[in-house]
1. Which residues, taken from the stretch 1-13, are farther than 22 Å from Lys290 by Cβ and either of a type in the set (Lys, Arg) or open to solvent by 20 Å² or more (accessible area, probe 1.4 Å) (or both)?
2. Within the set of pairs 6+ apart or on separate chains, which have a first residue in the stretch 121-133 that is under 21 Å from Ala96 (Cβ atoms) and in contact (Cβ under 8 Å) with a residue 60 or more places away in the chain, a second that is open to solvent by less than 40 Å² (accessible area, probe 1.4 Å) and not charged (D, E, K, R), and C-beta atoms under 9 Å apart?
3. For the stretch 106-130, give me each residue that is polar (S, T, N, Q), within 17 Å of the chain's Cα centre (by Cα) and surrounded by 23 or more Cβ atoms within 10 Å (Cβ to Cβ).
4. Does Thr40 satisfy the condition of being open to solvent by less than 50 Å² (accessible area, probe 1.4 Å), in contact (Cβ under 8 Å) with a residue 24 or more places away in the chain and part of a loop (DSSP other than H, G, I, E, B)?
5. Only one residue in Tyr257, Tyr272 is within 22 Å of Phe230 (Cα to Cα), surrounded by 16 or more Cβ atoms within 10 Å (Cβ to Cβ), in contact with a helix residue (DSSP H, G or I) (Cβ under 9 Å, 6 or more places away or on another chain) and modelled with pLDDT under 90, so which one is that?
6. Conditions: (1) touching a residue at least 40 places away in the same chain (Cβ under 8 Å); (2) open to solvent by 10 Å² or more (accessible area, probe 1.4 Å); (3) under 30 Å from Glu267 (Cα atoms). Asp46 meets all but one. Number of the miss?
7. With Pro228, Pro237 as the choices, which residue is touching an Asp or Glu at 6+ places or on another chain (Cβ under 6 Å) and more than 24 Å from Lys127 (Cβ to Cβ)?
8. So which helices (runs of 4 or more DSSP H) are wholly in the stretch 298-367 and hold at least 1 residues that are out of contact with any helix residue (DSSP H, G or I) (no Cβ under 9 Å at 6 or more places or on another chain)?
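The values are calculated or read from the model by the stated rules, or taken from the named source; none is laboratory data. Quick caveat: nothing in here was measured; it's all calculated off a predicted structure. Here the Cβ positions follow ideal geometry from the backbone for every residue, glycine too, while neighbour counts run over all protein chains shown. Heads up: the accessible areas ignore ligands, DNA and RNA and are worked out on the full protein's heavy atoms, side chains in. Shrake-Rupley method; radii C 1.70, N 1.55, O 1.52, S 1.80 Å.
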Amino acid sequence: MPKDSHVAVVVPYRFVPPHNGGHKAAFGLCRFLAERTRLTAISTPDNTDDAAPFQLKGLLSSGVARYVLPGGAMRISRYFKENGVDHCIAFQPFIALLLYWPCKRQEVKLSIYIQNLEYQRFRSMGKAWWPLVFAAEWLAFRLAHHLYFISPDEVRPGQQAFGLSPEKCSVLPYGTPHARQPEQQPARVSIRQKHGYGEEDCLIIFFGPQTYQPNLEAVVRIVEHIEPAFRQIADFPYRFLICGGGLPAQHDQLRAYRNVEYLGYVEDIEAYVQAADLMVNPVNSGGGVKTKLVEAIALGTTVVSSYTGALGVVPQACGPKLRRVADEDYTAFAETLLQCFREGRVPTPTTFYETYYWGNIVQSVSG
């Protein structure tokens, strides 16, 4: 990316400060790309501007109609013209449909950053209207100059499903702001003291908002299958920590399961991940990269995941920090957790940061 280029990254929702994987993906891309070239993030007015280490413009409205209102397209077109924007990255295929006219009018290259093949995600969740999503993605992908896939596992399926040429597609993975493994001990001590966990307690964490169906399903698997299987073989104290807000009222009973502690939303999730011995990720639906895997391994925590939950992450880069087991094989989950805990902490390999550090990733963004 030439330093004199002006890139506009369009994120059609509030993402500053970031609170989930999608927010962090947008924030990380903007933050590190802004260090290499001139960058403006175009979003909605409800972002916190002073928390952004890059220029932020609220040119989109906050309502659902922002995807179709011509006023937003006109404001963006005017901004492109007045500020010499030459490359626009849409952080969602649906907003790319609105951006096509401003980009064409001002001769701006339009790219799309694809976090999921949305039609696959909705189809896996049993949503009847997934064909409409497919149609919208098909049109957006055809109109764009280039497509950046967050998951290498979705490139070929995307090419086949939408008839995309290989030269139009490349991989831009979800990254971490950490160039190396940070110190874990301070967080480990402070969180354990805060909650009264002993140093000998094995802490196994799962995190993510339970308003997202695949995360809620994973929590149910933990309390109803994985914990009981682990209980049969663990001869030491342990706790499964469930972090993330939005637990539906009909699932309140999940808070009372044996050896499981539901902590809800926590302000500093990184500290809790660093305090944990292991992370479990039995997510078996949804699409794209499960960003929590990248976050946990970057912080030095070993992850035990289902194969579906680990799709999109390069196992060779993660080394021993990622252990994959077959979906729904809860005995294997429990046995792998036990093995990892007894092996003790191993450092995250340098190959992981070479692959997933944002500073390296943004170098592949073309002008």
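1. Residues satisfying the conditions are Met1, Pro2, Lys3, Asp4.
2. Arg121/Val133; Arg121/Pro214; Arg121/Ser285; Arg121/Gly286; Arg121/Gly287; Arg121/Gly288
3. Result: Gln115, single match.
4. Here the answer is no, as Thr40 does not meet what is asked.
5. Within the list Tyr257, Tyr272, the selection yields Tyr257.
6. Of the numbered conditions (1) touching a residue at least 40 places away in the same chain (Cβ under 8 Å); (2) open to solvent by 10 Å² or more (accessible area, probe 1.4 Å); (3) under 30 Å from Glu267 (Cα atoms), the odd one out for Asp46 is (1).
7. On the way: Pro228 fails: touching an Asp or Glu at 6+ places or on another chain (Cβ under 6 Å).
It is Pro237.
8. 315-318, 330-343, 350-356
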